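Scroll down for the structure; my scribbles are underneath it.
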Amino acid sequence: MDTRFDTTVRIAGQRAARHWTERIAVVFVSCFLAVLTLADSGRAAQQPPRPPFEVVVGALQDHFQSQEDYRPGDLVTQSQVVAALESVRDAGWDVPDAERIAELAPADNSFLATQFGTPAGRKFMRKVSRHSGAYIRLDRLSSLPRGKKLVRDLIAQRDGDKFIEYLATTTGGRNLGSMLANAKQGANLNAPTGRIYTADDLLAELQRVYAKSK
């Protein structure tokens, strides 16, 4: 047989094979992209648009106002934050990283939560809550040596809240709070803790997460 004919047939076969392979590849890629598009469409259909932030604010306010014996400014605990986030989810926004947010609040069995759970502690809490940063100072104060005893004594005293008011609202009190950072095992009472103590703190954190997750 003519070798030139053999060569021509072989080359034609190779070209046909390459052409067929390319067609298969094109079909495969097209199908793959179509599947991805359908998957993305399915996910979009399963995740409705989040509501305006005003709806989140309303859901949060409605939730806390419905709680028995709750007043604005009260300390909120982790279980209360979890319940509040569930109300926000029911309003249409499944908050990202909800578990982390809840853990920013004091545990239900934390020192401040248990102290404020008594009649005297609740009365004290509602007096000091009028002052910005009061819970931060109490939280840090309770971490100092003998700090828990001091907080208990302040709760038991008739005007114990005045000391926290002094720390939170006066120059002398803020200076004292800073000076305690230099003491052995001390802490700066003025320094933010990054924690959630109130419904307003929770709302501020949700606003930050809402803006970030656009």
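For the stretch 55-184, relative contact order (Cα pairs under 8 Å, six or more residues apart, normalised by length) works out to 18 percent. Straight-line reach from residue 149: taking Cα to Cα under 19 Å and skipping same-chain neighbours fewer than 8 places apart, the aspartates and glutamates in range are 139, 159, 161, 165.
State to the nearest 20 debye the size of the charge dipole of the stretch 53-212 about its Cα centre, where the only charges are +1 on K and R beta carbons and -1 on D and E beta carbons. Provide the component values of the computation, followed by the final result.
Details: 21 positive and 20 negative charges, 232 e Å.
Using Cβ point charges on Lys, Arg, Asp and Glu, the stretch 53-212 gives about 1120 debye.
Amide hydrogen proximity for residue 187: with H placed 1.01 Å from N in the peptide plane, the residues at 5 or more positions away or on another chain lying under 5 Å are 181. Applying the Karplus relation 6.51 cos²θ - 1.76 cosθ + 1.60 with θ = phi - 60° to the stretch 75-88 yields 3J(HN,Hα) values of 5, 10, 9, 4, 5, 5, 5, 4, 5, 5, 5, 5, 5, 5 Hz, where x marks Gly and Pro.
Rule-based calculations on the coordinates, nothing more; no lab input. Quick caveat, the model's predicted, so the values are computed rather than measured. Cβ: placed from backbone, ideal geometry, glycine included. Neighbour counts: every protein chain shown.
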